[in-house]
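The values are calculated or read from the model by the stated rules, or taken from the named source; none is laboratory data. Quick caveat: nothing in here was measured; it's all calculated off a predicted structure. Positions of Cβ are backbone-derived with ideal geometry, glycine not excepted, and every protein chain shown enters the neighbour counts. What goes into the accessible areas is simple: the full protein's heavy atoms, side chains included, and nothing from ligands, DNA or RNA. Shrake-Rupley method; radii C 1.70, N 1.55, O 1.52, S 1.80 Å.
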Amino acid sequence: MPARIIETNSTPFNRVTVDPITLDIVENALRNARNEMDAVLFRTAMSPGIREQHDAFPLIANEEGKMVVGQFGSFLYGFMQGYDGTIEDGDVFITNDPYSCNGAVSHLNDWLLMMPIFHDGKLVSWAAMFGHMTDVGGKVPGSLPTDAKMIYEEGIIVPPTKIYRGGALQDELLNILLHNTRMPEWNKSDFFAIIAALRLAERRVRENIERFGTDTYISAMQDMLDRNKAAMGAIIQMIIPEAVDGKKAYFEDWIDDDGMGNGPYKIACHLHREGEIAYFDFTGSDPQSFSSINFLLNEEMFKMFFGAFTINLFDPQILFNDGFYDLVDVHIPEGCILKPKKPAALSCRTHMLGRIFDLMGGLLGQGAPDALNAAGFSDSPHFMYSGFDGDGEWYQLFQIGFGGIPGRPAGDGADGHSLWPAFTNVPNEFLEAYFPLRIRTYATIPDSGGAGLHRGGNGITIAYEMLEAGEVSIHDDRWLTYPWGVNGGEPGMRSTKRLVRADGTEENIPSKCDRLAVQPGDILHFNTWGGGGWGDPFARDPALVLRDVKRGLVTEDGARRYGVVIAQGAIDIKATETLRRDLTSARGDTKLFDRGFESIEELKKRALRQTGFEPPKAPIFRQRYARAAE
């Protein structure tokens, strides 16, 4: 049963005409308020995941819960559909349970706080934000167990609940939540930092209303949503063709494994347009997994992914909000790996979440190949390190790794960047000051980006030296499959993990593991993957290749992938012409997509030789989930 909104004023809002100047003032005031929310959070939170890496997502929404400004799209629709209770002035809600809010959040580490904003007895807006808590209990430090089979193993589960009721904090409830985490002080600080950000948004909304009036404010937000819908409608018409003779665009990609020896897991999607509506159909994706790599993909969240992807690709000046949602229809079969049934584990959903962006890149460009993006750093790999230091104090680090952004129609992919544009790295000085670590290396990996007319971005290598005995958890992917290239571009390099023990012995570490025991002096080399290349590498300006060599982004041997011969720091023009002619002849026609393999079975046959690991076994699915996903 949907939530019930309690208002003391029954006067309806009047839609009024808002002049362009006022509309721009309201829009920019809300944009600034959203940025202020971030500033308050980052200055007052304690966990490095939020404070330093900015793993938190704010929004300001209209009275219906549609995001008007923000970063991650509105999670309020799923909340209001899943919450069976009242919404009143002074309330603040908390949840981290994906199954209770229709996937408004997607794993237990994300604490979502939502605050209705009332004025003169009527609901006029919402402020909301979620942030990744370093720990929420569960079977492993960090609360992201690779081997979880049910969500109950992953930490404390909080259904949609009033944490503030009528403006009063429910202290006992908050204490219960904090009592079930390994890092209660961090969680408490992060919680109140989010509350402070919501309070700031509330003040800014009321300032707008006091300046322009309630009807103008409400109407301005609707105008902002309508403007987004018109712009997105034009983009959809431009890049998504209508189905001809029933033929629809189709693309598939994989998550390499589940950390338990099974994989790869396929996600698949069909795309077409009927009139002004874009239809995405995920039929054909694998059924849900026994492990924790399932991703409960809320349909509204996918619309947000689609909007963010297309706006950033085609017109970043468009205000990103929920206005276009009526133009997108999404079908995700129940029981598939993108809509698992409770109590399926979800803690390692980051791989599926990120791979959705590669999937969209492969789909959307088929109607306009020149607009294709290659596959990029479609993940947020995690490094976690915890234990007791020499003074008996508990330490616990959660860090997100960065990698290569794909080659794009507009140019090269960025080196060592995040999947999420607003994320930043944790400074090495911070890590060394607050954790028993020494960073021995932090650098891009030359040649890890796929060769192309526009080079894929390089991955990152970080060498962590452990200064205390502890345990490490790693969550990563693309150790088996490659980040594919497009329009003749080559795939990027895979990810690897290598542990050099203090005694000099070395071992390859799988991309997903928990409870890896480490001792002082051990060094973990955490290498992320590169982005795929875009366009024919033999058409790249040799001067740009030479520049990359001088910058340490491409080696002299790697320059030959572009058909460029470099000798003694200069381009050998004649040798380059000859090499390019020979390589072009040997290659033949370029591929629209270059995955680096012909089939999954063929890829598995060379897995041990190329990676040092046995190939994963084909997943076995529960029959009822397999039928439901068809």
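For the stretch 341-386, name all the residues that are open to solvent by less than 10 Å² (accessible area, probe 1.4 Å), among the aromatic types (Phe, Trp, Tyr) and modelled with pLDDT of 90 or more.
Selection gives 383, 385.
Within the stretch 613-626, identify whether any single residue is surrounded by 11 or more Cβ atoms within 10 Å (Cβ to Cβ), free of Cβ contacts under 8 Å to residues at least 12 places away in the same chain and of a type outside the set (S, T, N, Q), and answer yes or no.
For the stretch 613-626, residues surrounded by 11 or more Cβ atoms within 10 Å (Cβ to Cβ), free of Cβ contacts under 8 Å to residues at least 12 places away in the same chain and of a type outside the set (S, T, N, Q): absent.
Of 53, 81, which residue is in contact (Cβ under 8 Å) with a residue 12 or more places away in the chain, more than 24 Å from residue 426 (Cα to Cα) and either of a type in the set (Val, Ile, Thr) or out of contact with any helix residue (DSSP H, G or I) (no Cβ under 6 Å at 6 or more places or on another chain) (or both)?
Working: 53 fails: more than 24 Å from residue 426 (Cα to Cα).
Only one candidate qualifies: 81.
Looking at the stretch 168-201, which of the residues that are open to solvent by 20 Å² or more (accessible area, probe 1.4 Å) and among the hydrophobic types (A, V, I, L, M, F, W, C) is nearest to residue 125 (Cα to Cα)?
196
Does the stretch 444-474 hold any residues that are in a loop (DSSP other than H, G, I, E, B) and either among the charged types (D, E, K, R) or open to solvent by 10 Å² or more (accessible area, probe 1.4 Å) (or both), and which are they?
Filtering the stretch 444-474 down to residues in a loop (DSSP other than H, G, I, E, B) leaves 445-453, 455-459, 467-469.
Answer for the stretch 444-474, where residues must be in a loop (DSSP other than H, G, I, E, B) and either among the charged types (D, E, K, R) or open to solvent by 10 Å² or more (accessible area, probe 1.4 Å) (or both): 445, 446, 447, 453, 455, 467, 468, 469.
Scanning for something modelled with pLDDT under 95 and β-branched (Val, Ile, Thr), does the stretch 191-208 turn up at least one residue? Spell out how you get there, then give the answer.
Of all residues in the stretch 191-208, those modelled with pLDDT under 95 come to none.
There is no residue in the stretch 191-208 that is modelled with pLDDT under 95 and β-branched (Val, Ile, Thr).
Please indicate, with yes or no, whether at least one residue in the stretch 86-93 is more than 25 Å from residue 207 (Cβ to Cβ) and surrounded by fewer than 22 Cβ atoms within 10 Å (Cβ to Cβ). Break it down stepwise before answering.
Applying the first criterion (more than 25 Å from residue 207 (Cβ to Cβ)) to the stretch 86-93 yields 86.
Narrowing further to those that are surrounded by fewer than 22 Cβ atoms within 10 Å (Cβ to Cβ): 86.
Checking the stretch 86-93: at least one residue is more than 25 Å from residue 207 (Cβ to Cβ) and surrounded by fewer than 22 Cβ atoms within 10 Å (Cβ to Cβ).
Identify, from the list 243, 230, the residue that is in contact (Cβ under 8 Å) with a residue 12 or more places away in the chain, of a type outside the set (D, E, K, R) and surrounded by fewer than 16 Cβ atoms within 10 Å (Cβ to Cβ). Break it down stepwise before answering.
On the way: 230 fails: in contact (Cβ under 8 Å) with a residue 12 or more places away in the chain.
Of 243, 230, the one residue that is in contact (Cβ under 8 Å) with a residue 12 or more places away in the chain, of a type outside the set (D, E, K, R) and surrounded by fewer than 16 Cβ atoms within 10 Å (Cβ to Cβ) is 243.
Which members of the stretch 248-270 meet the condition of being open to solvent by 10 Å² or more (accessible area, probe 1.4 Å) and of a type outside the set (Phe, Trp, Tyr)?
Of everything in the stretch 248-270, those that are open to solvent by 10 Å² or more (accessible area, probe 1.4 Å) and of a type outside the set (Phe, Trp, Tyr) turn out to be 248, 249, 252, 257, 259, 260, 261, 262, 264, 266, 270.
Name every residue in the stretch 288-321 that is outside any loop (DSSP other than H, G, I, E, B) and either aromatic (Phe, Trp, Tyr) or open to solvent by less than 10 Å² (accessible area, probe 1.4 Å) (or both), in order of residue number.
Let us first name the residues in the stretch 288-321 that are outside any loop (DSSP other than H, G, I, E, B), namely 299-314.
Result: 302, 304, 305, 306, 307, 309, 310, 311, 314.
Would you be able to tell me the number of residues in the stretch 415-443 that are among the aliphatic types (A, V, I, L, M), modelled with pLDDT of 95 or more and open to solvent by 30 Å² or more (accessible area, probe 1.4 Å)?
At the first step, the residues of the stretch 415-443 found to be among the aliphatic types (A, V, I, L, M) are 419, 422, 426, 431, 433, 437, 439, 443.
Cutting the leftovers down to modelled with pLDDT of 95 or more gives us 431, 433, 437, 439, 443.
Okay, now just the ones that are also open to solvent by 30 Å² or more (accessible area, probe 1.4 Å), so 433, 443.
Within the stretch 415-443, residues that are among the aliphatic types (A, V, I, L, M), modelled with pLDDT of 95 or more and open to solvent by 30 Å² or more (accessible area, probe 1.4 Å) number 2.
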